[in-house]
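Undergrad: Before I ask anything, here is the structure I am working with.
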Amino acid sequence: MRNDNVQNVRVDYQQLLRDAMDTARRLPARGRPADYIPALAAADPEAFGMALATVDGEVHGVGDWEHPFSIQSVSKLFTVALALAEGGDGIWQRVGREPSGNPFNSLVQLESEQGIPRNPFINAGALVATDRLLELTGDAAGTVRDFLRAESGNRLIATDDGVASSEARHGHRNAALAHFIASYGNLRNPVDSVLAHYYAHCAISASCRDLALAGLFLARHGLRTDGSRLLTRSEAKRVNAVLLTCGTYDAAGEFAFRVGLPGKSGVGGGVLAVLPGRGAVCVWSPGLDAAGNSVLGVAALDALTTATGWSVF
């Protein structure tokens, strides 16, 4: 991706975001909030926020862009990145880099593939990444939380204990995934500890503004807000690649087709997308499609990249 050919022409980011929001809001379909996690079921499907943070330090937003929401699987991006930063490429011996072609909470492939999840952005893979980060730091959820606080400048970012408890009470499939992975020796920590940290980082509440700022390290090819290096350029490239092919569950092909950016979605309605070399954009609307992706969020990102040409293709 490259910057605009015409130099010294200021991009009106605010207008671009307004136009993308207006396009998305014209859709008749809104989707439905995640109802298998009771704490998320009451979210307003009409809610919408969108924020864009640039590598030059600008932040723009529209709608409910500063309203905190449950980030859910968006946290998986930060979990695997921090596991890479803390422990290097060893994580890739324990989790794959291929699309699953199955729902995000599927157990189907684990037995035939000897307890190695297809990628770190489905639930099974995120449990392995959480286990690795817990092994390296002693506090996987706290490490993710502290990273988000530091990159966004928002010290109020925290786990919503009510959401975490709701997930734990109804997390039978995640528990089954964790025990199945452990039966193959691919978890190093007790299953209960891994699950607790997994629920805690998924239940972090943050806003579109917070997540757009936190995602800038991938737009900066691995550099954090303070200029220190979290990942090498090669590692950042690889995380972006897996985001593109695996970041939106079994609809990753459709997301690449429509949006053309590396991105990670969550069933709380958030989608964080990376504009390499330019910035990061986060959109939130709780109504989900059948794959678990925000209906209006994907539509807004589609409108944004269609209007600007800001795609990796």
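No value in this document is a laboratory result; all are computed from the given coordinates. Note that the structure is a prediction, hence the values are computed from the model and not measured. All Cβ positions, glycine included, derive from the backbone under ideal geometry; neighbour counts span all protein chains shown.
Undergrad: Check each of the trypsin sites (Lys or Arg not before Pro) in region 1-93 and keep only those in coil by DSSP with at most 12 other C-beta atoms within 10 angstrom; list them in order.
TA: Numbers: sites: R2, R10, R18, R25, R26, R30, K76; in loops: R2, R10, R26, R30.
Counting only loop positions with at most 12 other Cβ atoms within 10 Å, the trypsin sites (Lys or Arg not before Pro) in region 1-93 are R2, R10, R26.
Undergrad: With a cut-off of at most 10 other beta carbons within 10 Å, and DSSP calling the residue loop, which chymotrypsin sites (Phe, Trp or Tyr not before Pro) in region 10-76 qualify? Please list them.
TA: Numbers: sites: Y13, Y36, F48, W65, F69; in loops: Y36, F48, W65.
Filter output for region 10-76: empty list.
Undergrad: What do you get for chymotrypsin sites (Phe, Trp or Tyr not before Pro) in region 250-293 restricted to DSSP loop and a cutoff of at most 12 other Cβ within 10 Å of the site's Cβ? Don't skip to the answer; put the middle values down first.
TA: Values: sites: F255, F257, W284; in loops: none.
Taking region 250-293 and a limit of 12 other Cβ atoms within 10 Å, no loop chymotrypsin sites (Phe, Trp or Tyr not before Pro) are found.
Undergrad: Give me L216, L272 ranked fewest to most by other Cβ atoms within 10 Å of their Cβ, as a rough exposure proxy.
TA: By the 10 Å Cβ count, ascending: L216, L272.
Undergrad: Looking at region 13-308, what % of the alpha carbon pairs are farther apart than 30 Å?
TA: 22 percent
Undergrad: How big is the charge dipole of region 13-308 about its Cα centre, in debye rounded to the nearest 20, if each Lys and Arg gets +1 on its Cβ and each Asp and Glu gets -1 on its Cβ?
TA: On the way: 26 positive and 30 negative charges, 97 e Å.
Dipole magnitude for region 13-308 comes out near 460 debye.
Undergrad: Next up: Taking neighbour counts of Cβ atoms within 10 Å as a proxy for exposure, in what order, fewest first, do T23, T248, T232 appear?
TA: Listed from fewest to most nearby Cβ atoms, that is T232, T23, T248.
Undergrad: What FRET efficiency comes out for the pair T308/D226, r = Cβ-Cβ distance, R0 = 25 Å, nearest 0.05? Walk me through the numbers on the way to the answer.
TA: Numbers: r = 29 Å, r/R0 = 1.14.
Efficiency, from the Cβ-Cβ distance: 0.30.
Undergrad: Grab the other residues whose beta carbon is less than 13 angstrom from that of C282, score K and R as +1, D and E as -1, and report the net.
TA: Net of charged neighbours comes to -2.
Undergrad: Please order M21, M50 by the number of other Cβ within 10 Å, starting at the fewest.
TA: Sorted ascending by nearby Cβ count, the order is M21, M50.
Undergrad: What longest range of the chain stays clear of loop-exposed GluC sites (Glu not before Pro) (DSSP non-H/G/I/E/B, at most 16 other C-beta within 10 angstrom)?
TA: Between the exposed loop sites, the longest stretch runs 114-313.
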